[in-house]
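The values are calculated or read from the model by the stated rules, or taken from the named source; none is laboratory data. All values derive from a computational prediction rather than experimental measurement. All Cβ positions, glycine included, derive from the backbone under ideal geometry; neighbour counts span all protein chains shown. To get the accessible areas, we keep the full protein, side chains included, count just its heavy atoms, and leave off ligands, DNA and RNA. Shrake-Rupley method; radii C 1.70, N 1.55, O 1.52, S 1.80 Å.
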Amino acid sequence: MSKNHKKHAEWNIPNIISDNKHSTYTKSAFLGKGAFGKCFQLIDNTTGKSYAGKIILKDLIRKSEMKEKIVQEICIHKKLNHTNIVGFQSFFEDERLIYIILEICQNRSMVELLTRRKILTEPEVRYYMKQIMSGVKYLHDNSIAHRDLKLGNLLISEDMQVKIGDFGLSTEIRQGEKRKTMCGTPNYIAPEILEKKGHGFEVDIWSLGCILFTFLVGKPPFETAHVEETYLRICGCEYEIPDTVNRDAGKIFRSIFVKNPNTRPNINELAIKKFFREGYTPSSLPVSCLVVAPKFG
Ligand code: ADP
């Protein structure tokens, strides 16, 4: 058997999956591949309801820090319950595989949305950002820092609601406490993490600034062709706001992209910035927005 064939056979995910208690699921469409797992649509055989089943091959997570990431993910995610957080249904395992049963988000992630759309209109940006901020407020109110907010972790449900997912880098932070270490590298990383100065909830605000910038400009604020160069720019807070960007949004970037995390707005202060308060926010979006800009009014 060739190496590739062997790899394939090792997964060997059954077509009918049982949680060994009350539910069985039928494996359906492949949804995507992650760092340690594969994600499939699973249909509950009793209710007919669809879920996303994140299936992890234990052989791939023998290394302790990987195991840690998954244990952390399950421990934190299972306690959460909010419209803008991917719902956690259950988890179970057998000798070879770990199954995490999650709310399914049929419209993929914001990576695919932005790849198609390049930039978003301001009403859409307000619509999506308000939902993301609502999810982040829930996390921070419950002492959880997500620490890896990025487009790939923002999933879109069938009815165009944003759901924050992937709690692999998230951590519980008590009032005033700072974290020094983290295994894994967040995408929209804040300078205090790079400089190992200790970090808290403010790293999520930094990431929200990067997400807002990407929505409005079409590319992340500190992006360069080389990571080292990008890290230098992050630590120097070097970025340019194009003239075309809404002035009130520009003010948000200037308040977030600062080295001292204590001077950044917290999630409540961010949510009431003028850009979000004024200007039109639609109450829903049609699925056509995944491909073409909506026309409002
Ligand atoms: P990662 O290792 O990047 O965290 P995951 O294992 O969480 O990746 O997910 C792999 C892929 O499966 C994602 O890129 C996404 O396309 C898909 N996916 C993950 N969770 C869901 C979900 N709840 N609903 C629909 N698709 C999902």
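Candidates in region 84-95 are the residues that are away from the ligand (no atom under 14 Å from the Cβ) and out of contact with any Asp or Glu (no Cβ under 7 Å at 6 or more places or on another chain); of these, the one that is nearest to P294 (Cα to Cα) is E93.
I'd like the full set of residues that are hydrophobic (A, V, I, L, M, F, W, C), open to solvent by less than 50 Å² (accessible area, probe 1.4 Å) and within 17 Å of T24 (Cα to Cα), limited to region 88-105.
Scanning region 88-105 gives F88, F92, L97, I98, I100, I101, L102, I104.
Residue count for region 182-200, restricted to those that are hydrophobic (A, V, I, L, M, F, W, C) and more than 16 Å from L232 (Cβ to Cβ): 2. Filtering region 38-59 to residues that are open to solvent by less than 90 Å² (accessible area, probe 1.4 Å), away from the ligand (no atom under 11 Å from the Cβ) and without any contact (Cβ under 8 Å) to a residue 40 or more places away in the chain leaves I43, D44, N45, G48. Go through the residues of region 130-146 one by one and say whether even a single one is modelled with pLDDT of 95 or more, away from the ligand (no atom under 16 Å from the Cβ), open to solvent by less than 30 Å² (accessible area, probe 1.4 Å) and among the aromatic types (F, W, Y). Among the residues of region 130-146, not one is modelled with pLDDT of 95 or more, away from the ligand (no atom under 16 Å from the Cβ), open to solvent by less than 30 Å² (accessible area, probe 1.4 Å) and among the aromatic types (F, W, Y), which makes the answer no. The set of residues in region 254-283 being more than 16 Å from P191 (Cβ to Cβ) and not in a helix (DSSP H, G or I) consists of P265, N266, I272, K273, E278, G279, Y280, T281, P282, S283.
Within region 265-284, being closer than 21 Å to P220 by Cα and more than 21 Å from the chain's Cα centre (by Cα) holds for K273, F275.
Any residue that is on the phi > 0 side of the Ramachandran plot, open to solvent by 10 Å² or more (accessible area, probe 1.4 Å) and more than 16 Å from the ligand (Cβ to nearest atom) - is there at least one of those in region 151-170? Among the residues of region 151-170, not one is on the phi > 0 side of the Ramachandran plot, open to solvent by 10 Å² or more (accessible area, probe 1.4 Å) and more than 16 Å from the ligand (Cβ to nearest atom), which makes the answer no. For region 106-127, what are the residues that are of a type outside the set (S, T, Y), open to solvent by 20 Å² or more (accessible area, probe 1.4 Å) and within 16 Å of the ligand (Cβ to nearest atom)? Listed by number, the residues that qualify are Q106, N107, R108, V111, E112, R116. Scoring I70 on the criteria (1) within 16 Å of the ligand (Cβ to nearest atom); (2) under 30 Å from A145 (Cβ atoms); (3) touching a residue at least 60 places away in the same chain (Cβ under 8 Å); (4) not in a helix (DSSP H, G or I) leaves a single failure, condition (4). With respect to I85, determine if the residue is within 30 Å of N15 (Cβ to Cβ) and open to solvent by less than 20 Å² (accessible area, probe 1.4 Å). Judged against the criteria, I85 is a match. Give the residues of region 14-37 that are part of a strand (DSSP E or B), within 21 Å of K67 (Cβ to Cβ) and open to solvent by 40 Å² or more (accessible area, probe 1.4 Å), sorted by residue number. Hit for region 14-37 is K33, nothing else.
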